[in-house]
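To keep things clear, I will list the structure first and then write my remarks on it.
Every number in this text was worked out from the coordinates using simple rules, so none of it is lab data. What you are looking at is a predicted structure, and each value in this text was computed from that prediction instead of being measured. Positions of Cβ are generated from backbone atoms using ideal geometry, with glycine treated the same way; all protein chains shown enter the neighbour counts.
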Amino acid sequence: MNSNRERWAVIVAYFLIYVVWGSTYYFIGVALQGFPTFLLGTLRFSIAGLLLLGICAWRGKNLGNSKLMRRSAVSGIVLLFIDMAVIMLAQRYVSSSVVAIVASSTAIWIMLLDVKAWKRNFCSGTMLLGMFMGFIGVGLLYCEYLALEDAYFNGGYGMLILMGGCISWALGTLYAKYRSSGAETVNEFAGSAWQMIFASCMFAICTLATGEYNDVKWGDIHASSWLSLVYLIIFGSLLAYSAYVWLLKVRPAAEVATHAYVNPVVAVVIGGVGGEEITLIQLLGLVVIVGSVALVNHNKS
């Protein structure tokens with residue numbers, strides 16, 4: 001019974017990080033039509049973190065110790081704050097579809113930065129070819145935006161900060177895998193909650209520093225932005241992110257990173273349905289990047 005339950009838990013968790021996470025790129029874009037970048041992060045992660053802490057307390061779980069808190073602070077800032085801030089800033093310049101496509105290259109960055117697994121990661125020419133293809137795919141998208149007028153302050157700038165976010169997410173993933181697992185194995189969800197709380201604190205500091213809160217006209221925020229915020233809190237943070245952190249404890253990091261296969265496909269489909277323009281170069285970049293990640297992970301398996 002326990003084995004069957006664990007198997008279904010893994011299946012549901014992968015569905016959340018594959019499909020639900022892929023859909024969040026579009027809903028971030030909708031939410032940003034009403035909320036400033038850092039305020040959106042503050043609201044999303046503070047509410048989600050407090051709700052998850054409340055659930056843990058209601059179930060009688062230990063809310064953590066000093067070791068868990070320290071490591072959750074690092075994971076929350078690197079894995080959530082930096083990466084999500086970058087993704088939201090990038091979506092001021094490029095579409096959610098492009099953000100998801102470039103973000104899929106995170107799986108390649110994880111391999112490059114996972115020093116402990118270098119001997120396995122670089123064991124064949126096929127894997128090196130896959131990584132090379134991934135960077136070619138990102139380069140195709142970047143060149144497309146450089147061709148635009150005022151590219152540096154629009155698409156090209158968005159692509160640069162987005163690639164920085166990919167590296168940050170990869171570093172945070174590896175930290176969560178190798179450094180925080182020992183402290184959080186007993187209570188993964190409390191760890192996830194504290195990561196969100198610490199990330200929300202950083203977003204709140206940026207909100208105050210940039211004066212975003214004073215510029216918000218709450219009455220003018222459209223219902224679609226509010227509904228998108230609710231979706232991001234419940235499905236993107238409470239469910240999908242908690243599933244991601246839990247999977248990192250029970251499955252190999254490279255396997256969990258295969259969500260990069262599906263996320264951009266889901267984002268492109270939802271973005272197209274939502275009216276976003278999808279160019280031939282974007283589709284080509286999608287095929288090249290997803291193909292490269294699939295090639296790398298197939299060879300590793």
What distance in nm separates the two pseudo spin-label positions at ILE234 and ALA209, each 7 Å out from Cα along the beta-carbon direction? 3.4 nm
Could you work out the relative contact order of region 17-109, using alpha carbon pairs under 8 angstrom and six or more residues apart, expressed as a whole percent? 48 percent
Take every Cα-Cα distance within region 31-77, group them into 10 Å bins from 0 onward, and report for each bin the whole-number percent of pairs it holds. 22, 41, 27, 10
If you find the alpha carbon centre of region 1-57 and of region 192-227, how far apart are they in angstrom? 16 Å
Would you tally the net charge around LEU40, using a Cβ to Cβ cut-off of less than 12 Å, leaving LEU40 out, and scoring K and R as +1, D and E as -1? +1
Dmax and Rg, reported as Rg then Dmax, of region 1-43 (C-alpha, Å): 15.8, 47
